[in-house]
Number of protein chains: 2
Amino acid sequence: MTGQVRTVDGRVAGRRGQETRQKLLDCLREMLSTSPYRDVKVIDVARMAGTSPATFYQYFPDVEGAVLEIAEEMAKDSDTLKELVAGKSWAGKSGPTTSEELVDGFLAFWRKNDAILRVVTLGAAEGDKRFFKIRMTVLNSVAKPLAEAVKELQAKGQADKSLDPNAVSGALVSLLASAAEHQKAFTSWGVKVKDLKPNLAPLVYLGVTGKKAPK
Amino acid sequence: MTGQVRTVDGRVAGRRGQETRQKLLDCLREMLSTSPYRDVKVIDVARMAGTSPATFYQYFPDVEGAVLEIAEEMAKDSDTLKELVAGKSWAGKSGPTTSEELVDGFLAFWRKNDAILRVVTLGAAEGDKRFFKIRMTVLNSVAKPLAEAVKELQAKGQADKSLDPNAVSGALVSLLASAAEHQKAFTSWGVKVKDLKPNLAPLVYLGVTGKKAPK
DNA sequence: AACTTGTCCTGTCATGCCGTCAGCTTACCG
DNA sequence: CGGTAAGCTGACGGCATGACAGGACAAGTT
């Protein structure tokens, strides 16, 4: 499945080559978290990795190509987010707990992959299909099981049937993504970061079940 | 208040100069809506405006400087969003209407200023204070009056008092911004653009009042 | 050890954009 | 008509990009 790692000119990379390649990826990741995407230059990444720009171009077609690689790695990692929703109960007292754990887990994941997600989000917004697909993979890891949960609740008559489960789940996931991405905005509204979870969780619960959280 | 328009080297711009300057801004705006921000080059903007790169640098310190100008213009325009919330009623049957008009107006504004808002959002996410401030101006035009509305409802006992009005209003505005920014994501979840409003509006109503919308 | 083979890295070069400056052209005014 | 300030651009040094050829290196073979 995982095809061999290849250089741009088609050679198969060996042990040493893969190390160099990996170091370049690591340095790029580091770079992205400390300076604006627009200002990331191949020469800086190469210098940081103790190699030359020419070497960079052996392994990646350009900066964007390397960024995509990092993003795909993260997208795979996002699979673990599924478990925040799949098989969880929204009934009774466990509902609010499920909601809280979802908010918490999602925010943590976004915080962890802050820099790369920013670039992915921009690329997606600008209409780049590859970045869009990666972003959807991440969001879907939560949105899909969440839509299922809403459908189930609707079937049991425990949620408003006039709403589209996909729209509701999509909106809630968007909310989480947006909140995660712009935590600073909340700070400037006088909402402390630690107060984010207790305020978002009821909204998610409200959105999924359509009713106020029980005490 | 509106000080004279000046060139980078301090001269006062006359009629002809202001025209050139404006043409450059218009071309940059056009450029931003058709190609990724990362790829916008001074030389392309200048060429499109039928002038030379050197002229661009007479009026703007760099591309970012010009982008900021466009963004500030848009931020001023966002003042009109206030009226989507200020003085509106959330009680009885008018509540859902208020909610729908808010969603509609907000999405329309975002759609209209799509390209520049994308750049502003990225800049803000990357920690640039100037872009952050502009983004807050836009969001606050809705968030402030919305928080007031929540406070009023809480005072009248018509909303859950355990929630922070600023957090609730912030979360809802974030939701709207995120939905506006990534309308394509909803499409890929099988939610049509025209179905966005009827699905977001109940969520906003739910968030503000804490209860299900009346029939 | 000498040789061979295939991987890996870099020096160098042409190209193109950036950002600046001196200096030319244009417009306005007395 | 001449002076002055605004307006514009050609040209240049600097730097990132991306292609290439050739040298360095590791590992196996004789």
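Net charge near B:Lys211: determine it from the other residues with C-beta under 12 Å of the C-beta of B:Lys211, scoring Lys and Arg +1 and Asp and Glu -1.
That sum, taken over residues with Cβ under 12 Å, equals +1.
On the Cα set of the protein assembly as shown, report Rg and Dmax in Å, please.
23.5, 72
Please report how far the C-alpha centroid of region A:69-109 lies from that of region B:118-137, rounded to the nearest whole angstrom.
28 Å
Leaving ligands, DNA and RNA out of it, report the carbon-plus-sulfur percent of the accessible area of the protein assembly as shown at a 1.4 Å probe.
Answer for the protein assembly as shown is 52 percent, counting heavy atoms of protein chains only.
Would you kindly calculate the mean projected area, averaged across all directions, of the convex hull enclosing the Cα atoms of region B:1-61, in square nanometres?
So the Cα hull casts an average projection of 4.6 nm².
Could you give, in nm with one decimal, how far B:Gln18 is from each other copy of that position, shortest first, with labels 7 Å out from Cα toward Cβ?
List, nearest first: 6.5 nm.
Calculate the length of the line joining the C-alpha centroid of region B:1-47 to that of region B:154-215, in whole Å.
Between the Cα centres of region B:1-47 and region B:154-215 lies a distance of 38 Å.
Excluding A:Glu73 itself, what net charge comes from residues whose Cβ is under 12 Å from its Cβ, given Lys and Arg +1 and Asp and Glu -1?
After counting each charged neighbour, the total is -3.
With the dipole of the protein assembly as shown worked out from charges on the C-beta (+1 for Lys and Arg, -1 for Asp and Glu) around the Cα centre, which of A:Val193, A:Gly95, A:Thr34 lies farthest toward the positive end?
About the Cα centre, the residue reaching furthest to the positive side is A:Gly95.
To one decimal place, what Kirkwood hydrodynamic radius in Å is obtained for region B:44-111 from all pairs of distinct Cα atoms?
For region B:44-111, the Kirkwood estimate is 15.0 Å.
If you take the accessible area of B alone, add that of A alone, and subtract the area of the pair, what total do you get in Å², probe 1.4 Å, to the nearest 100?
Accessible area lost upon association: around 4300 Å².
I'd like the mean, over residues of A:202-209, of how many other protein chain beta carbons sit within 10 Å of each residue's own Cβ.
4
How many partner chain Cβ atoms sit within 10 Å of a residue's Cβ in peptide B:120-133, on average, as a whole number?
4
Which entries in the list A:Lys197/B:Lys194; B:Lys76/B:Lys133; A:Lys211/B:Lys192 go over 21 Å, if you measure between the two C-alpha atoms of each?
On the way: A:Lys197/B:Lys194 31 Å; B:Lys76/B:Lys133 12 Å; A:Lys211/B:Lys192 26 Å.
Pairs exceeding the cut-off: A:Lys197/B:Lys194; A:Lys211/B:Lys192.
Taking the Cα centre as origin and putting +1 on Lys and Arg beta-carbons and -1 on Asp and Glu beta-carbons, what dipole magnitude results for the protein assembly as shown, to the nearest 20 debye? Before the final figure, lay out the partial values.
On the way: 64 positive and 52 negative charges, 147 e Å.
Around 700 debye, computed over the protein assembly as shown.
Can you give me the accessible area per residue for region A:72-209, using a 1.4 Å probe, in Å²?
40 Å²
What residue among A:Thr98, A:Thr34, A:Thr121 shows peak mean-square fluctuation when chain A is described by a Gaussian network model with Cα springs under 10 Å?
A:Thr34
For B:110-119, what's the mean count of beta carbons from other chains sitting within 10 Å of each residue's beta carbon? Please report the intermediate quantities before stating the final value.
On the way: counts 0, 0, 0, 0, 1, 2, 0, 1, 4, 4.
Whole-number average of other-chain Cβ neighbours for B:110-119 is 1.
Would you work out the charge dipole size for region B:1-154 about its Cα centre, treating the Cβ of every Lys and Arg as +1 and the Cβ of every Asp and Glu as -1, and quote it to the nearest 20 debye?
Numbers: 23 positive and 22 negative charges, 59 e Å.
The dipole magnitude comes to about 280 debye.
Please compute the net charge surrounding B:Ala180, taking Lys and Arg as +1 and Asp and Glu as -1 over other residues with Cβ under 9 Å from its Cβ.
Overall, the nearby charge balance is -1.
Determine the principal axes of the Cα atoms in chain A, then give the extent along each, sorted from largest to smallest and rounded to whole angstroms.
61, 43, 29
Tell me the mean residue ellipticity at 222 nm calculated for the protein assembly as shown from its helices only (DSSP H runs of n ≥ 4, each -39500 (n - 2.57), averaged over every residue, nearest 500).
-21500 deg cm²/dmol
The values are calculated or read from the model by the stated rules, or taken from the named source; none is laboratory data. Keep in mind that this is a model prediction, so the values were computed, not measured. Glycine gets a Cβ as well: all are built from the backbone with ideal geometry, and neighbour counts include every protein chain shown. The area values use the complete protein model at the heavy-atom level, side chains included, leaving out ligands, DNA and RNA. Shrake-Rupley method; radii C 1.70, N 1.55, O 1.52, S 1.80 Å.
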